[in-house]
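Step one of this worksheet: look at the structure below.
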Amino acid sequence: MLERFGTFMPRILTLCGSLRAASSNRSLLRAAERAAPAGVVFEHFEGLGELPHFNPDVEAGPLPAPVADLRARVELADAILISCPEYARGIPGSFKNGLDWLVGGPELPGKPVALFNASPRASDAQAALRLVLTTMSARVVDQACIAVPLLAGSREAEAIAVDPELRPILERGLAALLAAIEPPQSD
């Protein structure tokens, strides 16, 4: 699968929509890293809770350090992998705030994005995420958007990654996301 990349190592940035340390969404992202083919580089953005409230006036001056960090990581990524819970049938406010900080920058448009869902019942947040991300000109890769039923199972990343029913779902989503990455042009 990675032969088309040559020596290039695709870089996937994960964004977790939950602030909880024991989040099933965070475990799902860590499991995806464990299930990924060798040669794929994962980076996990953990600064969601440090982002200030979005204020478009702030974009004119120097960006707050957590915002500059988020934008730099998005810019360096070849693809974005998001796993986000659903609160009150929508996107958690803290995660929407993080996305709002990306609206004014050039980092996200055209970038392939996969939505991994840790609860198949949480379809409203997924629909809202898709709407927000496509409005922001991200390229949501439909085949890479998966639902992994974690409600009744283990929430440990390693257990998810080796589960014979869950691992193929992860691999299918990752394969579709990797297929959407444009390898750099050789000179």
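Carbon-plus-sulfur fraction of the accessible area of the range 10-54, 1.4 Å probe, in percent? Write out the running numbers ahead of the final one.
On the way: 910 of 1840 Å².
Looking at the range 10-54 in its full context, I get 50 percent from C and S.
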What's the FRET efficiency of E182 with L2 using the Cβ-Cβ distance as r and R₀ = 22 Å, to the nearest 0.05?
-> 0.95
Before anything else, pin down the relative contact order of the range 54-150: Cα pairs under 8 Å, at least 6 apart, normalised by residue count, whole percent.
-> 31
Alpha carbon centre of the range 112-187 versus the range 2-68: separation in Å?
-> 13
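Just order 107-114, 88-95 by mean Cβ neighbour count inside 10 Å, highest at the front, would you?
Details: 107-114: 19.1, 88-95: 16.0.
Ranking, from highest mean packing down: 107-114, 88-95.
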Scan around T14 for amide H atoms under 5 Å from its own, H built in the peptide plane at 1.01 Å from N, and keep only partners 5 or more places away or cross-chain.
-> E43, H44, F45, L81
Mind telling me which of L170, L51, L13 comes out most flexible in a GNM of the chain, alpha-carbon contacts under 10 Å?
-> L51
Mind checking the full-extension length gain between A72 and L131? Use 0.36 nm per residue of separation minus the Cα-Cα distance, one decimal, nm.
-> 18.9 nm
From the backbone phi of the range 19-31, what are the Karplus-calculated ³J(HN,Hα) couplings (6.51 cos²θ - 1.76 cosθ + 1.60, θ = phi - 60°) in whole Hz, Gly and Pro given as x?
-> 8, 5, 5, 9, 5, 5, 5, 5, 4, 5, 5, 5, 5
Would you work out if the range 12-54 is rounded, prolate or oblate? Take a ≥ b ≥ c from the square roots of the eigenvalues of the alpha-carbon gyration tensor; rounded if a/c is under 1.5, else prolate when a/b is larger than b/c, oblate otherwise.
-> oblate
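Compute the FRET efficiency between R139 and R20 as 1/(1 + (r/R0)^6), taking r as their Cβ-Cβ distance and R0 = 25 Å, and round to the nearest 0.05.
It comes to 0.30.
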Under a Gaussian network model of the chain whose springs join Cα atoms within less than 10 Å, the largest fluctuation of R121, R34, R11 belongs to R121
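Using a simple charge model, +1 on the beta-carbon of Lys and Arg, -1 on the beta-carbon of Asp and Glu, nothing else, what dipole does the chain show about its Cα centre, in debye to the nearest 20? Can you show the working numbers first?
On the way: 17 positive and 22 negative charges, 91 e Å.
Roughly 440 debye, rounded to the nearest 20.
For the range 56-162, what is the accessible area per residue in Å² when the probe is 1.4 Å?
Details: 4820 Å² over 107 residues.
Heavy-atom accessible area per residue stands at 45 Å².
Which value, in debye to the nearest 20, describes the size of the charge dipole of the range 47-109 about its Cα centre when Lys and Arg Cβ atoms bear +1, Asp and Glu Cβ atoms bear -1, and nothing else is charged? Provide the component values of the computation, followed by the final result.
Values: 4 positive and 9 negative charges, 39 e Å.
I would put it at about 180 debye.
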Which of these values of percent of Cα pairs over 23 Å apart was calculated from the structure shown: [x] 56; [y] 50; [z] 39?
-> [z]
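Please find the FRET efficiency linking E158 to A60, where r is the Cβ-Cβ separation and R0 is fixed at 41 Å, and quote it to the nearest 0.05.
Details: r = 45 Å, r/R0 = 1.10.
E(calc), rounded to 0.05, equals 0.35.
The values are calculated or read from the model by the stated rules, or taken from the named source; none is laboratory data. All values derive from a computational prediction rather than experimental measurement. Using ideal geometry, Cβ is built from the backbone for each residue, glycine included, and neighbour counts are taken over all protein chains shown. Only protein heavy atoms, including side chains, enter the accessible area calculation; ligands, DNA and RNA are left aside. Shrake-Rupley method; radii C 1.70, N 1.55, O 1.52, S 1.80 Å.
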